[in-house]
Amino acid sequence: MNRLRRFFRTPEAIAGALILALLAAMALAAPLLFPGDPQAIAGPALQPPFQDWSVPLGTDRLGRNVLAELFHGARTSLAVGLAAAAAALLIGAVVGTLAGFAGGLIDEALMRVTDAFQTVPSFLLALAFVSIVGPSLGVVVAAIALSAWTGPARVARAEVLSIRERDYVAGARVIGMHPLEIAFREVLPNALPPVLALSSVIVAAAILTEAALSFLGLGDPNRVTWGGMIAEGRTVLRTAPFLSVVPGVALVLTVLGIYLTGEGVVESTAVSRSLS
Amino acid sequence: MSLLAVSNLTKRYHRGGKPFAAVDEVSFEVGPGETLALAGPSGSGKSTIARLVLRLIEPDAGRIGFEGADFLALSGAALRARRARLQMVFQDPLAAFNPRATVARVLDDPLRIHNIASRAERPRRIAALLERVGLDAGLAARAIHEISGGQRQRVAIARAIATRPSLIVLDEAVSALDVSVRGQILELLLDLQRRERIAYLFISHDLGVIRAVAHRVVILDAGRIAESGDARAVIANPQSPVGKALVEAAPRLTRNRP
Ligand SMILES: Nc1ncnc2c1ncn2[C@@H]1O[C@H](COP(=O)(O)OP(=O)(O)OP(=O)(O)O)[C@@H](O)[C@H]1O
Ligand SMILES: [Mg+2]
């Protein structure tokens, strides 16, 4: 409770939380407010916004309801961003824990693999992966996770390296606990806080990567995505700029909201740590 | 027959690029139900010996026999199984437990790992262990950081005896405790030894404590054994320079002398 109050002390954190709440509400309400296929034709093509209140943000080149697309796009962005970030954090935490705890050759091997993934620009990696395997939601999530797990792995490893020297790890060995159980039950949970501190940056990056992939036509074709909407609007950028501007602004606000919230969380935990 | 037989144990580290022996050709034995104390100045290798005996680190040379078998020959599952018989209590009872653990979980682990009790039976065993070390069974639900230092060291002892070991290594196990609590914990250790014939390898720099609990003492200096023998005799009349210095430095002992 105390921590929650501390979190809501800075205006940035409040703004971030509000944006995220709005976004989550959009994502959850999308199928209720706009049931049916958001990619279905809703009226005449290229209607400007604020003219016909059955399509408040107008229609796109094919006559689809922009507001419906925006809501359903929020769903895709959030789902992909959260799933990819969760997968990246999970892979990173597991690899980092194994490397740091096992040491020796296993550490050496895992860290060389991590290096290899890190030297390839992460977007290129995701791009290559999707173009080889083919665009679908699961593949996009996997591709983004694959390009984002190295940071968490390094942080987890560094943390595990310091934790594994503690007495309680020796104590777990003395009672005969299996090394894997020590690594994942005794060490990993205590190494998580700094890894989780990366999550806001990773979620934001994942949402941007998803948008970029969709923009390039490598998103799941059966889903509305903000990146896809921006790409769609690009062809009529001069006559109907709102088609690209609306999803673009949504994207910027989302990333901003995630960063601000993340900062707020870090700030509030930092304060609580220095107080205790 | 001795319970623990350590011979020519050697562990080398590097200091400033040059190798030096933290433990140098050390040999000693501990009999069943006996307390052997390891004393010596800071850096003399006491903790290193404890970690070697527990196979937390591996020696560069020497042998460790435990319960009649070559302890250094064990590995993997066989080593983990044998660990039930050889337990440890650490100096800092807060650092010795997972900061997220509860008392119940700390005591549940050894019972589960060594198949000592079924899942249904374990809560009763945990309560019995807590009572055995003089704690209220209601403490089980508490987080490890919510109990006092003395209670925590009692939990550490309860965990050490959970698997019915024949030997417990105590590395400065009472040094961090208040004097009054220290007396109670030593009393508990002596009581456990009387009833269950547990042997102790008791590491301490406090000769007063050593004289109160140990049968024999080994005094270390820079990784080597300076002298050893009956605890009271050695403390009353130390032969080695280190032994003399340790006795000099223990105020209560000088006062007690006639
Ligand atoms: N991992 C290590 N690497 C290098 N040197 C070490 C290591 N562990 C111990 N040493 C050195 O070995 C020597 C013996 O250390 P040890 O911890 O066994 O001493 P101790 O007798 O337990 O001292 P204290 O009474 O201060 O606990 C010391 O000089 C120490 O610096
Ligand atoms: Mg020590």
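Please indicate, with yes or no, whether at least one residue in the range A:219-226 is modelled with pLDDT under 90 and hydroxyl-bearing (Ser, Thr, Tyr).
Within the range A:219-226 (the criterion being modelled with pLDDT under 90 and hydroxyl-bearing (Ser, Thr, Tyr)), the answer is no, since none of the residues qualifies.
Right, A:ALA86: hydrophobic (A, V, I, L, M, F, W, C), modelled with pLDDT under 95, open to solvent by 50 Å² or more (accessible area, probe 1.4 Å) and not in a loop (DSSP other than H, G, I, E, B) or not?
In short, no.
Quick one: in the range A:10-43, of everything that is hydrophobic (A, V, I, L, M, F, W, C) and assigned to a loop (DSSP other than H, G, I, E, B), which residue is surrounded by the most Cβ atoms within 10 Å (Cβ to Cβ)?
A:ALA42
Looking at the range B:14-29, can you tell me whether even one residue there is among the β-branched types (Val, Ile, Thr), away from chain A (no Cβ under 14 Å) and either away from ligand 2 (no atom under 16 Å from the Cβ) or in a helix (DSSP H, G or I) (or both)?
Going through the range B:14-29, the residues among the β-branched types (Val, Ile, Thr) turn out to be B:23, B:26.
Right, trim to away from chain A (no Cβ under 14 Å) and you get B:23, B:26.
Next, only the ones that are either away from ligand 2 (no atom under 16 Å from the Cβ) or in a helix (DSSP H, G or I) (or both) stay: none.
No, that holds for no residue.
In this structure, is B:SER7 away from every other protein chain (no Cβ under 14 Å) and more than 12 Å from ligand 1 (Cβ to nearest atom)?
Considered against the rule, which asks whether it is away from every other protein chain (no Cβ under 14 Å) and more than 12 Å from ligand 1 (Cβ to nearest atom), B:SER7 comes out as yes.
Given the conditions (1) away from ligand 2 (no atom under 16 Å from the Cβ); (2) basic (Lys, Arg); (3) within 12 Å of B:LEU220 (Cα to Cα), and given that B:LYS46 satisfies all but one, which numbered condition is not satisfied?
Every condition holds for B:LYS46 apart from (1).
Residue under question is B:PRO59, and the condition is that it be in contact with a His (Cβ under 9 Å, 6 or more places away or on another chain) and either within 16 Å of ligand 2 (Cβ to nearest atom) or assigned to a loop (DSSP other than H, G, I, E, B) (or both); does it hold?
Values: in contact with a His (Cβ under 9 Å, 6 or more places away or on another chain): no; either within 16 Å of ligand 2 (Cβ to nearest atom) or assigned to a loop (DSSP other than H, G, I, E, B) (or both): yes.
Considered against the rule, which asks whether it is in contact with a His (Cβ under 9 Å, 6 or more places away or on another chain) and either within 16 Å of ligand 2 (Cβ to nearest atom) or assigned to a loop (DSSP other than H, G, I, E, B) (or both), B:PRO59 comes out as no.
Mind checking which residues of the range A:191-202 are open to solvent by 20 Å² or more (accessible area, probe 1.4 Å) and within 14 Å of another protein chain (Cβ to nearest Cβ)?
A:LEU192, A:PRO193
Any residue at all in the range A:213-220 that is in contact (Cβ under 8 Å) with a residue 60 or more places away in the chain, more than 26 Å from A:ALA87 (Cα to Cα) and either touching an Asp or Glu at 6+ places or on another chain (Cβ under 9 Å) or aromatic (Phe, Trp, Tyr) (or both)?
Looking for residues that are in contact (Cβ under 8 Å) with a residue 60 or more places away in the chain, more than 26 Å from A:ALA87 (Cα to Cα) and either touching an Asp or Glu at 6+ places or on another chain (Cβ under 9 Å) or aromatic (Phe, Trp, Tyr) (or both), one finds none in the range A:213-220, hence no.
State whether one or more residues within the range B:135-153 are closer than 29 Å to B:MET1 by Cβ and touching a residue at least 40 places away in the same chain (Cβ under 8 Å).
Kept after step one, since they are closer than 29 Å to B:MET1 by Cβ, are these residues of the range B:135-153: none.
There is no residue in the range B:135-153 that is closer than 29 Å to B:MET1 by Cβ and touching a residue at least 40 places away in the same chain (Cβ under 8 Å).
Per-residue answers, yes or no, for (1) within 16 Å of ligand 2 (Cβ to nearest atom); (2) in a strand (DSSP E or B); (3) surrounded by 22 or more Cβ atoms within 10 Å (Cβ to Cβ); (4) not hydrophobic (A, V, I, L, M, F, W, C):
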site	(1), (2), (3), (4)
B:MET1	no, no, no, no
B:PRO32	no, no, no, yes
B:ALA37	yes, yes, yes, no
B:PRO41	yes, no, no, yes
B:LEU52	yes, no, yes, no
B:GLY65	no, yes, no, yes
B:ALA81	no, no, no, no
B:PRO93	yes, no, yes, yes
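So, in the range B:173-185, exactly how many residues are within 16 Å of ligand 2 (Cβ to nearest atom) and touching a residue at least 40 places away in the same chain (Cβ under 8 Å)?
Final tally of qualifying residues: 3.
Give all pairs with beta carbons closer than 9 Å in which a residue from the range B:48-63 that is facing another protein chain (nearest Cβ under 10 Å) meets a residue that is crowded, with 22+ Cβ neighbours inside 10 Å and among the basic types (Lys, Arg); count only pairs at least 6 apart in sequence or on separate chains.
Qualifying pairs under 9 Å: B:LEU54/B:ARG83; B:ARG55/B:ARG83.
List, please: which pairs have Cβ atoms under 8 Å, are six or more places apart or on different chains, and start with a residue in the range B:201-223 that is more than 14 Å from ligand 1 (Cβ to nearest atom) and end with one that is open to solvent by 30 Å² or more (accessible area, probe 1.4 Å) and part of a helix (DSSP H, G or I)?
B:GLY208/B:ARG252; B:ARG211/B:ARG232; B:VAL213/B:LEU190
Considering only residues that are open to solvent by 40 Å² or more (accessible area, probe 1.4 Å) and under 21 Å from the mean Cα position of the chain (by Cα), look in the range B:115-134 and name the one that is farthest from the other protein chains (Cβ to nearest Cβ). I'd like the intermediate steps shown before the answer.
Step one: filter the range B:115-134 for residues open to solvent by 40 Å² or more (accessible area, probe 1.4 Å), giving B:115-116, B:118-121, B:123-125, B:128, B:131-132, B:134.
Still in the running and under 21 Å from the mean Cα position of the chain (by Cα): B:132, B:134.
Working: B:ARG132: 17, B:GLY134: 21 Å.
For the range B:115-134, the residue satisfying everything is B:GLY134.
Can you find even one residue in the range B:24-40 that is free of Cβ contacts under 8 Å to residues at least 40 places away in the same chain and away from ligand 1 (no atom under 16 Å from the Cβ)?
Looking through the range B:24-40, at least one residue is free of Cβ contacts under 8 Å to residues at least 40 places away in the same chain and away from ligand 1 (no atom under 16 Å from the Cβ).
Answer yes if at least one residue in the range A:153-168 is within 14 Å of the chain's Cα centre (by Cα), buried (at least 21 other Cβ atoms within 10 Å of the Cβ), within 17 Å of A:ILE202 (Cβ to Cβ) and touching a residue at least 40 places away in the same chain (Cβ under 8 Å), and no otherwise.
No, the range A:153-168 has no match at all.
Can you pull out the helices (runs of 4 or more DSSP H) entirely within the range A:108-190 that have at least 2 residues that are farther than 30 Å from B:ARG80 by Cα and away from chain B (no Cβ under 14 Å)?
On the way: elements: A:122-133, A:137-146, A:150-163, A:167-174.
Those helices (runs of 4 or more DSSP H) span A:122-133, A:137-146, A:150-163.
Residue-by-condition table, conditions (1) within 14 Å of ligand 1 (Cβ to nearest atom); (2) more than 13 Å from the chain's Cα centre (by Cα):
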position	(1), (2)
B:VAL53	yes, no
B:ALA69	no, yes
B:SER75	no, yes
B:ALA78	no, yes
B:VAL89	no, no
B:LEU107	no, yes
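Using the structure shown, decide if B:ARG182 is surrounded by 13 or more Cβ atoms within 10 Å (Cβ to Cβ), in contact with a helix residue (DSSP H, G or I) (Cβ under 6 Å, 6 or more places away or on another chain) and in a helix (DSSP H, G or I).
Taking the combined requirement at face value, the residue does not satisfy it.
Need the failing condition index for A:ALA205 against (1) surrounded by fewer than 22 Cβ atoms within 10 Å (Cβ to Cβ); (2) within 27 Å of A:GLU267 (Cβ to Cβ), just the number.
Every listed condition holds for A:ALA205 apart from (1).
Exactly one of these conditions fails for A:ALA42: (1) in contact with a Lys or Arg (Cβ under 7 Å, 6 or more places away or on another chain); (2) at pLDDT 95 or above. Give me its number.
(2)
Looking for whichever is among the hydrophobic types (A, V, I, L, M, F, W, C), within 16 Å of ligand 2 (Cβ to nearest atom) and more than 14 Å from chain A (Cβ to nearest Cβ) here; the options are B:LEU246, B:LEU192, B:LEU170, B:LEU188. Which one fits?
Going through B:LEU246, B:LEU192, B:LEU170, B:LEU188 in turn, the sole match is B:LEU246.
The values are calculated or read from the model by the stated rules, or taken from the named source; none is laboratory data. Fair warning: this is a prediction, and the values are worked out from it, not measured in the lab. Methodologically, a virtual Cβ is constructed for each residue, glycine included, from the backbone with ideal geometry; neighbour enumeration extends over all protein chains shown. Only protein heavy atoms, including side chains, enter the accessible area calculation; ligands, DNA and RNA are left aside. Shrake-Rupley method; radii C 1.70, N 1.55, O 1.52, S 1.80 Å.
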